[in-house]
Amino acid sequence: MPTRRLNVWLYGIHVARLSEPRPFRLRMDFTTDALDAFGEGSRVLSLSLPISREPVFDGKRRADNVVSAFLEGLLPEGNVRRHLATEANVPVTDTMGLLRKVGAECAGAIQILPDGVEPGDGRVRRLTAEEVTRLVADLPTYHLPDGTTPQASLAGIQDKVLLVLLPDGSWGWPEDGAPSTHIIKPEPLGGALQQLVQTEDWALRVAKHARIAAAESVLTRFDERDAIVVTRYDRTKSGLRLHQEDFCQALGLDPQAKYESTAEFQRYGSRLRRVARAAAARSRDPDAFRTALLEAVTLNVVIGNGDAHSKNYSLLIDRVGSVSLAPVYDAAPVMHLDARYKGTGHIINGKTNIDGIDVEDLANEGASWGMSMRRARTTTEESMERLHESVDRVPLPPGAEYVKARLKSLWLRRSWPAATPN
Ligand SMILES: Nc1ncnc2c1ncn2[C@@H]1O[C@H](COP(=O)(O)OP(=O)(O)OP(=O)(O)O)[C@@H](O)[C@H]1O
Ligand SMILES: [Mg+2]
């Protein structure tokens with residue numbers, strides 16, 4: 001039986017102890033170091049987990065599992081998670097067991113380590129070009145180089161690897177808490193969503209061209225397989241960690257609740273509104289926060305991203321607890337690749353389908369977060385205009401050119417500003 005205690009570190013400070021007083025029900029005790037460094041009530045770790053003198057427990061109901069919801073948000077889903085569980089020799093449901101294996105390198109500045117282990121620089125094992133090609137091209141089968149095991153974790157369902165780009169341009173495998181610098185996601189195998197990673201790369205470029213902050217990416221071939229190579233925005237060039245959490249974590253929701261349900265909307269109001277209100281209140285410039293969020297939501301609607309759920313938006317939280325919106329990531333015109341995926345992910349002005357959203361819906365949603373109606377409408381209209389122009393400028397990847405006609409036909413049908421025939 002592995003030890004059921006772990007320590008949570010943030011920016012190299014030991015901020016909390018984790019334990020499991022009952023199977024799968026977790027407890028978090030903040031340390032005096034956390035209270036000294038950040039103060040009681042600080043939300044520097046998560047908007048949903050203020051630093052407190054009292055321990056925080058998972059409750060009896062799933063909805064009250066605040067500690068595990070946050071920690072689950074650090075772990076992958078699906079096949080990647082099964083692979084980690086096999087490597088760690090623990091059940092796939094064992095949050096503590098999985099974190100023990102991969103918690104040294106997660107999203108943001110958090111590190112989860114066993115008792116007696118302190119964060120250090122870790123080690124990077126240089127990989128040969130053949131090792132990297134095999135590793136990426138063979139996913140979902142994991143052909144790890146001899147003697148290596150996964151020691152890093154990110155959320156999400158798609159198979160991916162986390163690597164370190166070394167100064168000479170070769171790739172390294174992060175071990176013992178060494179910070180990874182890039183995420184490599186190969187195109188999914190089989191019939192599922194053709195051109196997904198190619199159009200993700202395109203969508204991130206479209207965003208940047210429209211002056212919406214987005215993760216840096218390039219498409220690279222590994223053997224015969226395309227992969228998107230995304231630069232981590234939560235690592236600085238000198239390898240420091242910047243903290244982030246996704247919208248599920250910020251709201252204390254389990255990753256399984258990543259799509260907002262109508263029942264939740266009716267009970268608590270719009271999820272975007274709840275995040276926007278909590279985050280803007282802790283932002284240096286609340287208006288800029290709301291504008292950035294409305295631009296990101298508009299981007300996802302305009303390009304038809306039918307997978308813009310609460311794990312595909314994140315917040316950056318700095319050392320004094322100031323919050324800003326993370327750059328856009330994991331955006332793709334999913335609805336135009338497969339018409340079944342047309343959900344908005346988050347409910348927008350009460351609507352759940354992208355092809356039912358109009359400018360008023362986006363403006364009303366933004367206004368519900370505390371923006372003036374006028375500012376919300378201008379933000380929506382201007383970002384639509386910039387995005388339409390951007391889609392005309394940034395070429396779609398070969399084989400996905402047909403997406404443009406589908407985008408344009410939806411824009412015309414919805415009478416979105418600056419949508420012109422051709
Ligand atoms: N450029 C980036 N820098 C830092 N963190 C990132 C970046 N891109 C993604 N992440 C983090 O990694 C997680 C997984 O990435 P991503 O969303 O691309 O994976 P995915 O498996 O395609 O997700 P999904 O399950 O939504 O399809 C995100 O939820 C986010 O926390
Ligand atoms: Mg994702």
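The values are calculated or read from the model by the stated rules, or taken from the named source; none is laboratory data. These numbers come from a predicted model, not from an experiment. All Cβ positions, even for glycine, are placed from backbone atoms using ideal geometry, and neighbour counts span all protein chains on display. In case anyone asks, the SASA skips ligands and DNA or RNA and just uses the protein heavy atoms, side chains included. Shrake-Rupley method; radii C 1.70, N 1.55, O 1.52, S 1.80 Å.
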Reported set for the range 40-70 where residues are without any contact (Cβ under 8 Å) to a residue 12 or more places away in the chain and open to solvent by 30 Å² or more (accessible area, probe 1.4 Å) is G41, P50, E54, K60, R61, A63, D64
Of all helices (runs of 4 or more DSSP H) fully inside the range 75-176, the set with 3 or more residues that are crowded, with 22+ Cβ neighbours inside 10 Å, of a type outside the set (G, A, S) and within 16 Å of ligand 1 (Cβ to nearest atom) is 95-102
In the list A280, A308, A296, A339, which residue meets the criterion of being open to solvent by less than 10 Å² (accessible area, probe 1.4 Å) and over 14 Å from the mean Cα position of the chain (by Cα)? A280
From the list A376, A419, which one is crowded, with 21+ Cβ neighbours inside 10 Å and either in contact (Cβ under 8 Å) with a residue 12 or more places away in the chain or outside any strand (DSSP E or B) (or both)? A376
Quick one: A37 ticks every box in (1) open to solvent by 20 Å² or more (accessible area, probe 1.4 Å); (2) part of a helix (DSSP H, G or I); (3) within 20 Å of E105 (Cα to Cα); (4) of a type in the set (G, A, S) bar one, so which box is it? (3)
Condition check for L325: modelled with pLDDT of 95 or more, more than 14 Å from the chain's Cα centre (by Cα) and either within 16 Å of ligand 2 (Cβ to nearest atom) or open to solvent by less than 50 Å² (accessible area, probe 1.4 Å) (or both): no
How many residues of the range 205-229 are within 16 Å of ligand 2 (Cβ to nearest atom), in contact with a Lys or Arg (Cβ under 7 Å, 6 or more places away or on another chain) and in contact (Cβ under 8 Å) with a residue 60 or more places away in the chain? The answer is 2
Could you check I212 against (1) open to solvent by less than 50 Å² (accessible area, probe 1.4 Å); (2) in contact with a helix residue (DSSP H, G or I) (Cβ under 8 Å, 6 or more places away or on another chain); (3) more than 24 Å from T380 (Cβ to Cβ); (4) not in a strand (DSSP E or B) and say which number it fails? (3)
